[in-house]
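This is the structure I want to talk about, given as structure tokens.
The values are calculated or read from the model by the stated rules, or taken from the named source; none is laboratory data. Because the structure is predicted, anything quoted here is derived from the model rather than measured. Please note: Cβ atoms are built from the backbone with ideal geometry, for glycine as well, and neighbour counts cover all protein chains shown.
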Amino acid sequence: MDSAIGSSVYNFIELVGTSSKDWEDAVNNAISCAADKLTNMRMAEVVELDTKLVDGKIMQFRAKVRLSFKNEIEPETL
């Protein structure tokens, strides 16, 4: 398999971050939690925002985040 110099392979995962404060905090919580376990994170895309309601009041903000990170395996070895 020919590969260009500097080519990379990326993985994607979806996470759901939560917060009682706001959506931005929910996104930050998802990313910071992933950062504890993953290296080489590259992009985060907010895919969906929603809230958990109790008695008609917002109790929790939720953000679904699609996160990409560089694969540690070189493409030539796949």
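Could you count how many residues in segment 28-41 are exposed (fewer than 12 other Cβ atoms within 10 Å of the Cβ) and either under 12 Å from Phe12 (Cα atoms) or of a type in the set (Phe, Trp, Tyr) (or both)?
First, the residues of segment 28-41 that are exposed (fewer than 12 other Cβ atoms within 10 Å of the Cβ): 32, 36-37, 39.
If we keep only those that are either under 12 Å from Phe12 (Cα atoms) or of a type in the set (Phe, Trp, Tyr) (or both) as well, we get none.
Residues that pass the stated criteria total 0.
Please specify each residue of segment 27-46 satisfying the condition of being in contact with a Leu (Cβ under 8 Å, 6 or more places away or on another chain) and in a helix (DSSP H, G or I).
Those that are in contact with a Leu (Cβ under 8 Å, 6 or more places away or on another chain) and in a helix (DSSP H, G or I): Ala30, Ile31, Cys33, Ala34.
Give Asp55, Asp36, Asp22 a once-over and let me know the one that is over 15 Å from Ser68 (Cβ atoms) and modelled with pLDDT under 95.
On the way: Asp55 fails: modelled with pLDDT under 95; Asp22 fails: modelled with pLDDT under 95.
After applying the criteria, what remains is Asp36.
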